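Quick note: the coordinates plus some simple rules give every number you see, no bench work behind them. It should be emphasised that the depicted structure is a prediction, and the values quoted were computed from it without experimental measurement. A quick note on method: Cβ atoms are made from the backbone with ideal geometry, for glycine too, and the neighbour counts reach across all protein chains shown.
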Amino acid sequence: MKKFFVVLLLLGIVGTFFNKQQTIAQNVNDGVYLKENIPGKRPVPYPPLREADILWTKKIWQIIDCREKMNHPFYYPIVDMDDRKSLVSLLIYGINNEGLTVFHDDEFKQLATRDEVYQMFDALPDTQFVPDPNTGELVETVIEGEVKYDEVYQYEIKEQWYFDKQHSTMNVRVLGVCPIRRYMDIETGQIRKRRTFWVYFPEARPLLAGQEVFNRRNDAQRISFDDVFFQRRFNSYIVRETNVYDNREVQAYMQGLNVLHEAEKIKQELFEMEHDLWEY
């Protein structure tokens, strides 16, 4: 009987110890204050537009290269840390946990499933025969796949530029975002690039608005991914515009440095379009 009470007493002490450890872990804050600005932030709603107010419009596709210093916040951190995520990590989180809709095409017509997204990253679970450490026999084991975020170093964005005659302003809105994966083909040993999936940007804005983006100069003045796109805090170059030739890309009719020259030419045309609407 005494042994029974001793065992109960020891179990109670151990249980109290673990509960105390869990309580301490929950109360630990890696900082001097609680962050409430970005986590609870909502995206700024777009102003309403009427078709009668749109004097001119054009759709543009651009590439954001994360190797440029200004675009590093899209790429880092490679592994989720603290309160930070890379853009592709945030999108994958939205697909898994927030029901974010993904598409195969940039016209947002062909829906893609979660498994299809993971297949684009070669991250589907794989069944392999692994030797048992005790018996030495081969045992069928399911190995979970993993999305390698460091393979995504570019993003393609689809935008619509328009001139609002009601307010006499040239504006731009992002319509979609597509991570571009750069990886080595195991069969050929060559480096390949592929567009993975498209996300409809207006649907993803609440998710992007709640995720901090690193500020090089002040950790207390961070902004969200939604602010980065809304305020145009990135550098990009044009790869396609709407045209009569099935919206072909610049690379389809230009090569080498001429591709960049054509991209600058399109950007200059956008500037001149707005400039020519004014009288001086």
*Residues whose placed amide H lies under 5 Å from that of residue 154, excluding near-sequence neighbours*: 66, 180
*Gain upon complete extension [residue 76, residue 59; 0.36 nm per residue less C-alpha separation]*: 3.2 nm
*asked:* Using amide H atoms built in the peptide plane, which far-off residues or other-chain residues are under 5 Å from residue 239 H to H?
replied: 61, 62, 63
*Short version: ³J(HN,Hα) in whole Hz for each residue of region 105-112, in order, from phi by Karplus 6.51 cos²θ - 1.76 cosθ + 1.60 (θ = phi - 60°), x for Gly and Pro, what are they?*
10, 7, 9, 6, 10, 9, 5, 10
_Under 5 Å, built H, 5+ apart or other chain: amide partners of residue 175_ = 158, 159, 160
*Entries in 148/265; 41/158; 35/158; 35/193; 158/193; 85/265 that, when Cα-Cα distance is taken, lie over 29 Å*: 148/265; 35/158; 35/193; 85/265
*List, in order, the whole-Hz ³J(HN,Hα) value for each residue of region 187-203 obtained from phi through the Karplus relation with A = 6.51, B = -1.76, C = 1.60 and θ = phi - 60°; use x for Gly and Pro.*
6, 9, x, 9, 7, 10, 10, 8, 6, 8, 8, 10, 10, 6, 4, x, 6
*May I ask you to list the trypsin sites (Lys or Arg not before Pro) in region 159-255 that are in a DSSP loop and have at most 16 other Cβ atoms within 10 Å of their Cβ?*
165, 216, 217, 232, 233, 248
_Spatially proximal aspartates and glutamates relative to residue 165 (Cα-Cα < 17 Å; intrachain offsets below 8 disregarded)_ = 51, 53, 272, 274, 276, 279
_19 Å reach of a label modelled at residue 107, 7 Å along Cα-to-Cβ, counting backbone N of region 51-79_ = 58-62
_Between residue 216 and residue 35, how high is the FRET efficiency from 1/(1 + (r/R0)^6) when r is the Cβ-Cβ distance and R₀ = 25 Å? Nearest 0.05._
0.90
*Relative contact order (percent) for region 122-280, with alpha-carbon contacts under 8 angstrom and 6 or more residues of separation?*
11
*Once phi is turned into θ = phi - 60°, what whole-Hz ³J(HN,Hα) does the Karplus curve with 6.51, -1.76 and 1.60 give for every residue of region 168-185, x standing for Gly and Pro?*
6, 9, 9, 10, 9, 10, 7, 9, x, 10, 9, x, 10, 9, 10, 8, 9, 6
*Identify the residues of region 239-253 with backbone N under 18 Å of a label point that sits 7 angstrom from the Cα of residue 261 along the Cα-to-Cβ direction, or state none.*
239-240, 250-253
*Simple label model, 7 Å out from Cα along Cβ direction - residue 126 to residue 165, nm*: 5.9
